[in-house]
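Okay, structure first, notes after.
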Amino acid sequence: MDATSEMAAFYTELFEAEARHFTAYVDLAVRAAGGDDEAVDRRLKLLAQREGEIVRARSSSEKRGTIHG
């Protein structure tokens with residue numbers, strides 16, 4: 001397997017693992033919200049909106065937004 005194929009396999013596995021984590025955390029949030037999946041959905045949409053605003057604001061500065069610094 002060449003380096004490109006190895007990286008593709010790595011990122012595919014990483015994506016799948018992150019998708020499982022997302023599902024597990026959303027399920028936990030719904031349970032914590034007493035089964036109110038609509039409230040959890042609204043909160044996740046708000047968080048995504050705010051995160052987008054932060055990334056856009058940082059992308060135009062010298063200290064642009066990155067995931068891990």
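The values are calculated or read from the model by the stated rules, or taken from the named source; none is laboratory data. Keep in mind that this is a model prediction, so the values were computed, not measured. When we count neighbours, we look across all protein chains shown, and the Cβ atoms used for this are built from the backbone with ideal geometry, even at glycine. Please note that ligands, DNA and RNA were not included when accessible areas were found on the heavy atoms of the full protein model with its side chains. Shrake-Rupley method; radii C 1.70, N 1.55, O 1.52, S 1.80 Å.
Pairs needed: first member in region 40-62, on the phi < 0 side of the Ramachandran plot; second member anywhere, open to solvent by 100 Å² or more (accessible area, probe 1.4 Å); C-beta distance under 6 Å; at least 6 residues apart or different chains. If the second residue must be open to solvent by 100 Å² or more (accessible area, probe 1.4 Å), the pairs left are Arg58/Arg64. Going by the structure shown, is Gly69 surrounded by 10 or more Cβ atoms within 10 Å (Cβ to Cβ), modelled with pLDDT under 95, of a type in the set (Gly, Ala, Ser) and not in a helix (DSSP H, G or I)? Considered against the rule, which asks whether it is surrounded by 10 or more Cβ atoms within 10 Å (Cβ to Cβ), modelled with pLDDT under 95, of a type in the set (Gly, Ala, Ser) and not in a helix (DSSP H, G or I), Gly69 comes out as no. Residue-level analysis places Arg31 outside the set of residues that are at pLDDT 95 or above, open to solvent by 100 Å² or more (accessible area, probe 1.4 Å) and touching a helix residue (DSSP H, G or I) at 6+ places or on another chain (Cβ under 8 Å).
Candidates are the residues of region 14-27 that are of a type in the set (A, V, I, L, M, F, W, C) and open to solvent by 90 Å² or more (accessible area, probe 1.4 Å); the one that is nearest to the chain's Cα centre (by Cα) is Phe22.
Counting only residues that are over 15 Å from the mean Cα position of the chain (by Cα) and open to solvent by 60 Å² or more (accessible area, probe 1.4 Å), region 34-52 holds 5 of them.
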